[in-house]
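Every number in this text was worked out from the coordinates using simple rules, so none of it is lab data. Since the structure is predicted, the reported quantities are computational estimates derived from the model, not experimental observations. Glycine gets a Cβ as well: all are built from the backbone with ideal geometry, and neighbour counts include every protein chain shown.
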Amino acid sequence: MKTLLLENTEENIARAAEILRNGGLVGIPTETVYGLAANALDGNAVAKIFKAKGRPADNPLIVHISDFSDIDRFNLVEQVPDTAKKLAEAFWPGPLTIIMKRTDAVPNEVSAGLDTVAIRFPSHKTAQAIISQAGVPLAAPSANLSGSPSPTTALHVMSDLNGKIDAVVDGGMSDVGLESTVITLAKSVPRVLRPGGVTIEQLREVLGEVELDSAVLHRLADGAKAASPGMKYKHYAPKASVVLLKCNDCEYIDYVNRNADEHTAALCCDEDIPLLNVVCYRLGKRNDYALQAHRLFDELRKIDGNQNIRTVYSRLPSLEGVGMAVYNRLVRAAGFEVIDLEKM
Ligand code: AMP
Ligand code: MG
C-alpha cells in the first residue's frame with residue numbers, strides 16, 4: 001500500500017474523511033500525539049488499526065468525537081454521568097479522555113471486550129474537521145508501532161507506518177506531546193488511569209475526590225490486572241536502555257560524567273547541558289514540565305536515530321503538574337529501573 005503524506009489543506013481534510021468513511025486508516029494530528037484513526041463504528045476498519053500497529057488485541061482504543069453531543073448522537077454511552085458533563089465543560093475540547101459504561105453500538109474491537117468506552121474530544125482544529133467531515137466517531141490510538149515512542153510529527157508516523165496505512169495528514173508538531181490524561185468514571189470514585197496534559201490537580205479542582213491508579217507510578221505486580229490494559233505493556237522505549245537516577249542536580253551531573261563513555265548520552269534539562277561530558281538530548285528548562293512533555297517523545301526518537309548510544313541517563317522527574325505525565329512515560333521507557341543515589 002502506498003501511504004499518502006497529505007498537507008493540511010481543506011481538500012486533503014475532505015480526502016482523509018472520505019478514506020475513513022470507506023473503512024481506511026489515516027494518521028491524524030491531534031494536540032496530544034498523532035492518532036491512527038478508523039471509523040469507530042466499523043469493527044473491520046478498527047481491526048486494521050491493531051494489525052498496522054502490532055497492538056495487542058486486549059488493549060482498547062479511545063473514541064474521538066467532534067462535539068459533546070456526539071456521545072448521544074452515536075449512542076456510545078448508557079447514561080452520561082453528571083461528572084462527565086462537568087469534566088467536558090472544564091476540559092473539552094482538550095487532552096482528557098473519559099471512560100464510561102458503553103452501549104452495544106461500540107464494537108468489541110474498540111473496547112477490547114470491556115464494558116466501558118474511552119471518549120475524547122480533541123482541540124486540534126484539523127482533528128475536529130476530519131472527525132466531523134467523516135461523519136462518524138473515530139477510534140484512534142497513538143499512530144506508532146506498538147512499543148515505540150508515540151509520534152508527535154507526521155514524519156514520526158511515516159517512519160513507523162509507511163506502507164501500512166492509507167494516509168497521514170501533516171498538522172505540525174503536537175502541542176502537548178504526550179497522550180491524553182485518562183480518567184474513568186466507571187468506579188465509585190473517579191480515577192486517573194494515565195496522567196497527561198490535564199493534571200490531577202486540575203481534575204480535583206473540578207470533581208473533588210479523584211484517585212490515582214497505582215499503575216501510574218508503580219510497576220504492576222506479575223499477573224495483576226491493569227485497570228487500563230495499556231499500562232501493562234513496556235512503552236515508549238527507545239532501543240538504547242534508559243536509566244533513571246533519583247538524585248539532586250549535582251549528583252546527576254557527577255554520576256553521568258563518572259560513568260560516561262562513547263556510548264553514553266543524557267536526556268536532561270537545559271541547565272545541565274554545559275556541565276555534562278556526554279551527548280545531550282534536551283528536554284527543556286528544569287521547571288517547565290509542559291515543555292518537557294512537548295519534547296520527550298521527539299527526543300526519544302532522536303536517541304533512536306543514533307546507533308552509537310547504548311545507555312541514556314535521565315533524572316526522575318517531579319510529580320507536580322504535568323511532571324507526573326513525564327514521570328509516567330519515563331519510568332516506562334526505563335522499564336521501572338531507577339537508581340536511587342540518595343540511598344547509596
Ligand atoms: P493510546 O490511544 O495508544 O494512547 O492508548 C489508549 C489508552 O487508553 C490505553 O492505555 C488503553 O488501555 C486505555 N483505554 C482505552 N479504553 C479503555 C477502557 N475502556 N478502559 C480502560 N482503559 C482504556
Ligand atoms: Mg499508544
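Could the peptides 33-39, 136-142 be put in order, highest first, of the mean number of other beta-carbon atoms found within 10 Å of their residues? Please report the intermediate quantities before stating the final value.
Details: 33-39: 29.6, 136-142: 26.9.
Highest to lowest by the protection proxy: 33-39, 136-142.
With a ≥ b ≥ c taken as the square roots of the eigenvalues of the C-alpha gyration tensor of the stretch 88-206, please select rounded if a/c is under 1.5 and otherwise prolate if a/b is larger than b/c or oblate if it is not?
Note, shape of the stretch 88-206 comes out prolate.
Label points 7 Å out from Cα along the Cβ direction at Ala226 and Glu18: separation in nm?
It is 3.8 nm.
How much length would be gained if the chain were fully extended between Gln79 and Asn8, taking 0.36 nm per residue of separation minus their Cα-Cα distance, in nm to one decimal? If you can, show how the numbers build up before the last one.
Numbers: separation 71, 0.36 × 71 = 25.56 nm, distance 3.61 nm.
Roughly 22.0 nm would be gained on extension.
Roughly how many whole Å is it from the C-alpha centroid of the stretch 132-209 to that of the stretch 1-42?
The stretch 132-209 and the stretch 1-42 have Cα centres spaced 15 Å from each other.
Taking N as the number of residues in the chain, what value does Rg over Cα atoms divided by 2.2 N^0.38 Å take?
Computed over Cα atoms of the chain, the ratio equals 0.98.
Taking only the alpha carbons of the stretch 248-344, what extent do you get along each of the three principal axes, in Å, biggest first?
Reported extents, whole Å, longest axis first: 34, 33, 27.
Tally Lys/Arg at +1 and Asp/Glu at -1 over every other residue whose Cβ is under 15 Å from the Cβ of Tyr255; what's the total?
Its environment carries a net charge of -4.
With runs of 4+ DSSP H residues as the only contributors, calculate the mean residue ellipticity of the chain at 222 nm using -39,500 (n - 2.57) per run, divided by the residue total and rounded to the nearest 500.
When only DSSP H runs of four or more count, the value is -9000 deg cm²/dmol.
Can you compute log10 of I(q)/I(0) for the stretch 46-151 with the Debye formula, treating each Cα as one identical point scatterer, at q = 0.14 Å⁻¹?
For the stretch 46-151, the Cα-only Debye profile gives -0.54.
Calculate the spin-label point distance for Asp254 paired with Met173, positioning each point 7 Å from the Cα along the beta-carbon direction, and give it in nanometres.
Taking the simple label geometry, Met173 and Asp254 are separated by 3.4 nm.
Among the listed pairs Lys125/Lys285; Lys51/Lys239; Lys86/Lys302, which have their C-alpha atoms separated by more than 32 angstrom in this model?
Lys86/Lys302
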